[in-house]
Amino acid sequence: MSLPSQQQALFLATKEGKWIVSSIALHKPCVGEILVRVEAAALNPVDWKIRDFGMSDTDHHVILGCDCAGVVVELGEGVTNVAVGDSVLHQAEFDIRRGAFQQYAIASADLVAKIPPNLTFDQAATIPVAMAAAAVGLYGRKVTMGGAALLPPWRKDGFGKYAGEPIVIVGGATSVGQCVIQLAKISGFSPIITTASPHNTDFLKSLGATHIIDRSADIPATLKTITTSPITLILDVIAQPETQNWTYSVLAKGGTLIVFETITLEKTVVGKVARTPWAFLHDGPNRELGVELMESLTSYLATDAIKPNAVEVLPNGLASIPIGLERIRSGQVSAKKLVVHPQETPTPPPSP
Ligand SMILES: NC(=O)c1ccc[n+]([C@@H]2O[C@H](COP(=O)([O-])OP(=O)(O)OC[C@H]3O[C@@H](n4cnc5c(N)ncnc54)[C@H](OP(=O)(O)O)[C@@H]3O)[C@@H](O)[C@H]2O)c1
């Protein structure tokens, strides 16, 4: 396969600085790595948070973007699980070589999943980060950046293991919430209770939620009308101080609250755990889980056990990402993912 020597990439020029589309040389895959031509990259809240909160590790140019779907175009030494021409999805990393906001990105071969034929690249790009967050929150180990340590459904005796146990998910229409609902269904939880805007009720039921509470209702009071069983697992994807407070108060003793952002609880009590997962599969405590998840994901997607998020494709490839991130930041995106096609990025005019 003949490849160009240069590509377009969206750089964050300094920590809290400007977004710039510019040319960069193609990267070379090292041992265990592959080069992916990025056909679709999805936008995530973390992309604007890194810029607005100055969270980048470096003050130099960095390439963000962590949801990637594309075609394998080159293999590094030792890679046998995928071939050139395969369609894959993966969680990208914030790095010049690995960020998804470029036309060709490096990935670790053992942390990609093949895209089944029933999914488009756009749909596939909605999956990696949200699924990683949901999986770490539910099945990650009981450690910092881990989760509730449930038995994953892909391991022996894991499928349907939690039948009859209630689970509460705050923010079911978020990308992460949609994945939590679907994994909770595969794990057997019942009832699966979530909060959302009323217009998302039918959609969330189609994913497996059994009860949808209007996000503006008195949620603790409504919960009591749905189940009298002790609620020992709550995942708060919204993670505002207000949602953390009510979820922690309704959590039963011995229970776990998974909060997908910084924990702001003022008081905690013995016997109720609150933990923030970190959806990063590449190293740390979640790598082994990440490899297993990627091995199972293709068949979950092929059988519709896991469905992708709805998609809105933005025009002009990488150039539209700053506008899309602003829409996410200001809460203008409901129950869908914004996706760009990096290959459709207009080539900037040559400098005079
Ligand atoms: N810890 C990690 O590793 C990790 C990983 C990924 C994401 N996150 C975090 O998880 C959060 C969600 O990310 P995402 O990409 O899944 O979000 P998203 O898809 O952009 O979320 C949009 C949805 O938020 C819902 N929402 C907003 N306020 C709500 C409320 N008070 N109650 C219920 N639903 C509400 C809206 O639902 P309706 O349309 O129904 O109103 C909307 O559809 C972000 O803060 C993100 O930074 C953390």
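Within segment 313-340, track down each residue that is within 12 Å of the ligand (Cβ to nearest atom) and at negative phi. Once the filter is applied, which keeps residues that are within 12 Å of the ligand (Cβ to nearest atom) and at negative phi, segment 313-340 yields G324, L325, R327, I328, R329, S330, Q332, V333, S334, K336, K337, L338. Within segment 251-277, the residues that satisfy the criterion of being touching a Pro at 6+ places or on another chain (Cβ under 8 Å) and either surrounded by 18 or more Cβ atoms within 10 Å (Cβ to Cβ) or of a type in the set (D, E) (or both) are G255, I258, F260. Check segment 45-64 and report whether any residue there is touching a residue at least 60 places away in the same chain (Cβ under 8 Å), under 23 Å from P346 (Cα atoms) and not β-branched (V, I, T). Scanning segment 45-64 turns up at least one residue that is touching a residue at least 60 places away in the same chain (Cβ under 8 Å), under 23 Å from P346 (Cα atoms) and not β-branched (V, I, T). In a residue-by-residue description of segment 207-226, the property of being within 24 Å of G271 (Cβ to Cβ), surrounded by fewer than 16 Cβ atoms within 10 Å (Cβ to Cβ) and of a type in the set (V, I, T) applies to at least one position.
Scanning segment 204-241 for residues that are of a type in the set (A, V, I, L, M) and assigned to a loop (DSSP other than H, G, I, E, B) turns up A209, A217, I231, V237, I238, A239.
A quick yes/no check of all residues on (1) assigned by TED's automatic domain parsing to the domain that holds A252; (2) touching a helix residue (DSSP H, G or I) at 6+ places or on another chain (Cβ under 7 Å); (3) more than 22 Å from V273 (Cβ to Cβ):
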| residue | (1), (2), (3) |
| --- | --- |
| Q182 | yes, yes, yes |
| F189 | yes, no, no |
| D202 | yes, no, yes |
| L207 | yes, yes, yes |
| I212 | yes, yes, yes |
| R215 | yes, no, yes |
| A221 | yes, no, yes |
| I231 | yes, yes, no |
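Among the residues making up segment 207-243, those that are of a type in the set (G, A, S) and more than 14 Å from the ligand (Cβ to nearest atom) are G208, A221, S229. One residue stands out in segment 154-168 among those that are surrounded by 22 or more Cβ atoms within 10 Å (Cβ to Cβ) and of a type in the set (A, V, I, L, M, F, W, C): the one that is nearest to the ligand (Cβ to nearest atom), namely V168. Here L151 meets each of (1) more than 19 Å from S206 (Cα to Cα); (2) surrounded by 20 or more Cβ atoms within 10 Å (Cβ to Cβ); (3) hydrophobic (A, V, I, L, M, F, W, C) with one exception, condition (2). Scanning segment 169-199 for residues that are within 9 Å of the ligand (Cβ to nearest atom) and either assigned to a strand (DSSP E or B) or surrounded by 21 or more Cβ atoms within 10 Å (Cβ to Cβ) (or both) yields a total of 13. Within segment 314-327, being buried (at least 18 other Cβ atoms within 10 Å of the Cβ) and in contact with a helix residue (DSSP H, G or I) (Cβ under 8 Å, 6 or more places away or on another chain) holds for L314, G317, L318, I321, L325.
For beta carbons closer than 8 Å, sequence separation of 6+ or different chains, a first residue in segment 242-256 that is outside any helix (DSSP H, G or I) and a second that is surrounded by fewer than 16 Cβ atoms within 10 Å (Cβ to Cβ) and of a type in the set (K, R), there are no qualifying pairs. Residues in segment 282-310 that are within 12 Å of the ligand (Cβ to nearest atom) and surrounded by fewer than 19 Cβ atoms within 10 Å (Cβ to Cβ): G284, A310.
The values are calculated or read from the model by the stated rules, or taken from the named source; none is laboratory data. Values in this document were obtained by computation on a predicted structure and should not be read as measured data. Here the Cβ is made from the backbone with ideal geometry for all residues, glycine too, and neighbour counts use every protein chain on show.
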